[in-house]
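The values are calculated or read from the model by the stated rules, or taken from the named source; none is laboratory data. Nothing here was measured: the structure is a model prediction, and the numbers come from that model. Heads up, the Cβs are rebuilt from the backbone with ideal geometry, glycines too, and the neighbour counts pull from every protein chain shown. When the accessible area is computed, the model is the full protein with side chains, heavy atoms only, and any ligands, DNA or RNA have been set aside. Shrake-Rupley method; radii C 1.70, N 1.55, O 1.52, S 1.80 Å.
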Amino acid sequence: MTITADDLIAKLQHCKDFPSSFKARMDAVAAKAVEEMTKEAGKFLFELDDRKHTEQQVKAIIDAFPESLSMQDKHSLLPVQRAAWLYSVGMVSFIPLLAKEGLRLNVGGEESRGGLLHGRNNTLVDLARCEEPNVKCKQVLEELREMGLFKKEDIQNFDLLSYSLSRYSAPLFEMLAAWDPYSLITTTGVDGCPLIHDPFSEEDFEMILKAGMEHFPERLGFLFQKYKGKTACENAFDDFGVNEAMAVICKCIPPFENHALIHRAVEVAPHLEDKLIKYYPNEAFKRDATGRTLPQVKFHAQLRRGTQTYDSTASFFANAIDDQIEAKDPRLGVFPFMVAASDNRSDLDAVYYLLRRCPQVLVNLRERDDRDVEDVQQGSRKRQREES
């Protein structure tokens, strides 16, 4: 005769009328039955499929057999971890529910966030590195974020940007970068280098540069960030080829939008100018954010490096035009003649030549100093009136 769970429950309703000795024996049998049923419930939680099961059904099983949520498979994974570890399409959507119930039942302890971070397995990392063309992982992380089980600091603490670098995970990568843009700076690659220096493919390079331009356009998406003496631009040329890398760069930093890419290049890596100018020819006639022309930027950069002296390269100074000599270097906040006189250079011949060429800079300095003194005096008089 087949006995269903409902039949068993109906029979157990009569337990209160059993003799105490017989009831004790039934209690022992019931304990074993519940233990076996809990195991079956645990197995069920490892086989969830949202095409067959509903959250209401899963919640009912957890309520009936709460210990099932703490069961582990042969890999020491909890049900909430197994869903992301194997990336079962049908299981992933149940992760928020399993984590919520796990938090309520203290599965894995207080620090495991409902089992998400239990043991050696990190469910957040597994969700980030999903390599399937599916949006569920992103949706699950968004739900966990709303529940407070996925935190902003997790992006940097667990290097989630690095794990989400995949052509299938572009929307997820963009979501993470938007939530914590500074993770684009702090996240490192396999050997500890900045993320933009460690793309595995042109697609990865595009994802990183695109996000960098969206959140840090003033830094050109870290294209000219240096690591071990080389810019990310140079590494991309080496890894993918100049034409292939430039196709990505032009897509993320469109020519004719005046991003002053060439201006930045000549300051950081002047040897790249000839390669880049072919793709950004109009920038040769544009000004950067400080209002400087490309010749001014080049002059300031070369002077700042300290490799040009009047004794050895007098033509460098002789060929400079007036607007190069008269313009302040915005990075240092001083005029070129002051750069030539600074640090250990003290190139007095260069200082003399630059001042002789454009003595007006001294007049400008004097007028500025006079204005500063006047401002200080006016401020002092104003304070005296207020105090009196």
Taking only C-alpha pairs under 8 Å that are 6+ residues apart, what is the relative contact order of region 43-105 in percent? 39
Cα-based equivalent ellipsoid of region 67-162: semi-axis lengths in Å, sorted from largest, via gyration tensor: 19, 15, 13
Along principal axes, Cα extents of the chain, largest first, whole Å: 116, 70, 34
In nm, spacing of pseudo-spin labels at GLU203 and HIS271 (7 Å Cα→C-beta vector): 3.3
Rounded to the nearest whole Å², what accessible area per residue is found for the chain with the 1.4 Å probe? 56
For region 218-324, please report how many Lys pairs fall under 18 Å Cα to Cα, leaving out neighbours fewer than 8 apart on the same chain. 9
Given charges at beta-carbon only (K, R positive; D, E negative), |dipole| of region 283-337 in Debye: 240
Area of ASP274 that stays accessible when all protein chains are in place (1.4 Å probe, Å², to 10): 120
Carbon and sulfur: what percent of region 104-249's accessible surface (1.4 Å probe)? 44
Report relative contact order for the chain in percent, whole number only (criteria: Cα-Cα under 8 Å, sequence separation at least 6). 6
On the full set of protein chains, 1.4 Å probe, figure out the accessible area of GLU273 and give it in Å² to the nearest 10. 40
Top mean-square fluctuation among PHE237, PHE22, PHE216, Gaussian network model of the chain, C-alpha springs under 10 Å? PHE22
Compute, for LYS230, the solvent-accessible surface of its heavy atoms (probe 1.4 Å) with the complete set of protein chains present, and express it in square angstrom to the nearest 10. 70
Fraction of accessible area attributable to carbon and sulfur, region 315-359 (%, probe 1.4 Å): 52
Residue farthest toward the positive end of the dipole of the chain, with Cβ of Lys/Arg at +1 and Asp/Glu at -1: which of HIS197, LEU149, VAL351? VAL351
Can you grab the distance from the C-alpha centre of region 245-271 to the C-alpha centre of region 170-208, Å, no decimals? 19
How high is the relative contact order of region 196-241, in percent, with contacts defined as C-alpha pairs under 8 Å that are six or more residues apart? 34
Listed by chain and number, the lysines with an alpha carbon less than 21 angstrom from that of LYS138, same-chain partners under 8 positions apart left out, are LYS100, LYS151, LYS152, LYS210
Which trypsin sites (Lys or Arg not before Pro) in region 24-76 pass both tests, a DSSP loop state and at most 12 other beta-carbon atoms within 10 Å? ARG51, LYS52, LYS74
Lysines within cross-link reach of LYS32: Cα-Cα under 24 Å, excluding same-chain residues under 8 positions apart? LYS11, LYS16, LYS23, LYS43, LYS59, LYS74
Can you compute the helix-only [θ] at 222 nm over the chain? Use -39500 (n - 2.57) per DSSP H run of at least 4 residues, normalise by all residues, nearest 500 deg cm²/dmol. -16500 deg cm²/dmol
When only alpha-carbon atoms are used, what values of Rg and Dmax, in angstrom, describe region 218-260? 10.6, 31
Nearest-20 debye value, region 224-302 charge dipole, Cβ charges on Lys, Arg, Asp, Glu: 220
